[in-house]
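The values are calculated or read from the model by the stated rules, or taken from the named source; none is laboratory data. Predicted, not measured: the structure shown is a model, and the values here were computed from it. Cβ placement follows ideal geometry from the backbone for every residue including glycine, while neighbour counts extend to all protein chains displayed.
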Amino acid sequence: MRIFAWLLGTVIGLAIFAIGGAYFVAFTSGGNAILQPIIQEKINEQTKLNTKLTTFSLTTDEFEIFLELDSFNTIHAKGNYSLSTQAFNVAYKLKLEKIETLKSLTNAPLKGAFRTEGNVKGDMKFMEIDGISDVASSDTSYHVELTDLNPTSIIAKIKDADLVALLELGGQKPYAKAKVDVDVDFKNITPHALDGGIVLTTKNGVLNTPLMNKDFNLTIPKTDFNMNLDAKLKGDDVDYTYALNSNLAKITSSGKVIPEPLKMDIIYGVDVKELAVLKPITKADVRGAFRLNGTVKGTRANMIVDGKSDFASSDTKFTAKLKDFEPASLKATMKNLKLAKVLYMVKQPHYADGVFDLDVDIIDLKSGELKGTVVSNVKKGLIDSKYMTKAYEFKSHMPRTSFTLATNTKLNGDIADTKVNLKSSLANFDIKQARVNLKDNSIVSDYITTIPNLDKLYFVTQRHLKGSLSANGELKKGKDLDLTMHSKVAGGDVDVKLHNDDLRADLKSIQTLDALKMLIYPEVFKSSLNGVLDYNIAEQKGKFNGDLVDGFFTQNQVLTLVKQYAKIDLYKQKFKGIVSADINKKKILASLDLKSNTSSITTKNTKLNSKTQKINSKIDIVANKHPIYVTLTGNTASPKVKIDAGEILKEKAKEKLKKKLGDKLGGDVGNLLKGLF
């Protein structure tokens, strides 16, 4: 319509220019010949086209113009006029066979063809235009009245326009086909004195699903649609009803709008059977059904939008206040939203089931001046253990895990303070205050976590553990990540500091029997352990060094044999010493050096695999100057024990033989036995 209006104006302008020029050039063929190139050059300057004014004829009461915009598009105007009254009666024909060649004129990627012809009569104060057109293969007629060259009345009927042709004319791809009817009846289109109406009907509409799949990767079922718009304009008021119906969605709206200054009182409804079809518009990669209805009331300065929806089977209601179309405040409630449906709609895996409630009361939405609260709860939560086990490739099945979650957030300027309470059958997690700076996205948060049964984490740790664990600390996330943790473990204290990937753990007064019991290792040594662990999480490498004090052994096969053969009871001796380990992912290389007043127990480069729970260790024991060599192999919980007590056995044999020989031979047999052993 833009190009049509320009071309129609060109016709009238040419007539006016010609009439004005006649005052200076005689109404003769010679005078016309002088004017013709001047007019053609003026048109070329304005249109930036290489036009040809092939016909230019002007007399005292008649004129004819034939303008070739290019070889595909032409304008023909012919009529009569009166110099005294300035009245005219002009017939015109526009033949546009290839609009895309007029790009320099349209400044848009238009494409297609149409023709229009009609009659312009009247004078410069009042004129009427009547015409017909085949725009978009339609049957179109129109009547336009202009006062002082400004449109004051329009009556037009467009019948069976082809939507594909209209889209092509507007430089758009044929995403849909339909027949379009438009009935315009404006007795008066003078601003603030409008009187008329417009009815637009789209029928037999069908989406071009193959093209939408190609351009937007959307698989959409066959979609039929119809659309109706009925608007009545009176003065400054616009009363309208609108409905779009299809087998995928239904959109309705009706009410009253005053365009200037803007004021509206409307109701709306959206019923989408498949959200994926709206991706080209919303840019949101979502799916599923969606229903929303509500009202919009107010002015540009103060507008209230409210609505309600059953999004993801919830009972959702909201009221938003806008100032100059910018969000100013928001109140919203969401009850009984189904987590599984939300995950499906946003194309996420089925992580969990649960019921979600939300309460939002933000009295100020301006950036940097936020003020309000957001409260949420998840009840009846249940992790999809089967999916989690498969997705994260756990070696064993994740146990059935139920949970509840409650959050409470207070917004103040750029700061959001949040409380979190998570309770589950695996662990509990509490945050009294997590402070988020919305401007720089930094976080400072405390936390407390409790694990009632460590053995339930077997699917993650791949080793059985006994007992419970609780820890607390602080998290800081800005440019760097810093985490602290404190926990009472095995009768002692563990303090952890994490800086990005570097972890340091200080162990104080850890009771080894309690630790061995927690790890389900043989409880063979009772002691107090102090140590330091330095570990890089990204590389999974680290070192541990510790001191053992006040150590006593409990009953075990090795020391029982020592007691039997060496006649020394190591169970009664107090040991102290050092322990160290080099960690390389799952492989641990450990060393131990224990000493008492009369004995020592040492091992170097003991190999432990925390994943396979295998051990390979050689232990050297010196009990009251008697050496014993022990080898441990196999599973850490019940290793195979091999003892080399050769030196002790030699001493025992020597003593027995010496006694028997002494009884029979008498004399000094000691020197004799030295040669045998």
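Report, by residue number, each residue of segment 201-254 that is within 17 Å of V164 (Cβ to Cβ) and in contact with a Leu (Cβ under 6 Å, 6 or more places away or on another chain).
If the condition is that a residue be within 17 Å of V164 (Cβ to Cβ) and in contact with a Leu (Cβ under 6 Å, 6 or more places away or on another chain), then M212, T223, M227 are the ones that fit.
Any chance you could count how many residues in segment 308-346 are farther than 19 Å from I267 by Cβ and β-branched (V, I, T)?
Residues flagged as farther than 19 Å from I267 by Cβ and β-branched (V, I, T) within segment 308-346 amount to 3.
Out of I615, I601, I628, report the one residue that is closer than 15 Å to R463 by Cβ and part of a strand (DSSP E or B).
The match here is I615.
Of the conditions (1) within 30 Å of S254 (Cα to Cα); (2) surrounded by 16 or more Cβ atoms within 10 Å (Cβ to Cβ); (3) in contact with an Asp or Glu (Cβ under 9 Å, 6 or more places away or on another chain), A312 clears all except one; give me its number.
(3)
Identify all residues within segment 69-93 that are among the charged types (D, E, K, R) and over 21 Å from G131 (Cα atoms); write none if there are none. Don't jump to the end; show me each part of the working.
Just the residues of segment 69-93 that are among the charged types (D, E, K, R), to begin with: 70, 78, 93.
Matches in segment 69-93: D70 only.
Go through (1) touching a Gly at 6+ places or on another chain (Cβ under 8 Å); (2) among the charged types (D, E, K, R); (3) free of Cβ contacts under 8 Å to residues at least 24 places away in the same chain one by one and return the number of the condition E145 breaks.
E145 satisfies every listed condition except (1).
For segment 477-501, name all the residues that are in contact (Cβ under 8 Å) with a residue 24 or more places away in the chain, out of contact with any Ser or Thr (no Cβ under 7 Å at 6 or more places or on another chain) and surrounded by 14 or more Cβ atoms within 10 Å (Cβ to Cβ).
Result: V489, A490, L498.
Just need a number here: residues in segment 568-586 that are of a type in the set (K, R), exposed (fewer than 14 other Cβ atoms within 10 Å of the Cβ) and either in contact (Cβ under 8 Å) with a residue 24 or more places away in the chain or part of a strand (DSSP E or B) (or both).
Summing the residues that are of a type in the set (K, R), exposed (fewer than 14 other Cβ atoms within 10 Å of the Cβ) and either in contact (Cβ under 8 Å) with a residue 24 or more places away in the chain or part of a strand (DSSP E or B) (or both) in segment 568-586 gives 3.
From the residues in segment 361-370 that are surrounded by fewer than 17 Cβ atoms within 10 Å (Cβ to Cβ) and of a type outside the set (D, E), which one is nearest to the chain's Cα centre (by Cα)?
Per the stated criteria, the residue is S367.
Residues that are free of Cβ contacts under 8 Å to residues at least 24 places away in the same chain and under 30 Å from I158 (Cβ atoms): which strands (runs of 3 or more DSSP E) entirely in segment 183-300 hold 2 or more of them?
Those strands (runs of 3 or more DSSP E) span 237-246, 249-258, 263-272.
Look through segment 293-326, keep the residues that are over 23 Å from G354 (Cβ atoms) and aliphatic (A, V, I, L, M), and return whichever of them is farthest from the chain's Cα centre (by Cα).
A301
Of these, S133, S153, S138, which one is over 23 Å from M212 (Cβ atoms), touching a Ser or Thr at 6+ places or on another chain (Cβ under 7 Å), buried (at least 16 other Cβ atoms within 10 Å of the Cβ) and outside the structural domain of Q86 (by TED's automatic domain parsing)?
Selected residue: S133, the only one of S133, S153, S138 that is over 23 Å from M212 (Cβ atoms), touching a Ser or Thr at 6+ places or on another chain (Cβ under 7 Å), buried (at least 16 other Cβ atoms within 10 Å of the Cβ) and outside the structural domain of Q86 (by TED's automatic domain parsing).
Might you check whether a residue that is farther than 30 Å from I443 by Cβ, at pLDDT below 95 and not assigned by TED's automatic domain parsing to the domain that holds L559 occurs anywhere in segment 468-487?
Checked segment 468-487: no residue is farther than 30 Å from I443 by Cβ, at pLDDT below 95 and not assigned by TED's automatic domain parsing to the domain that holds L559.
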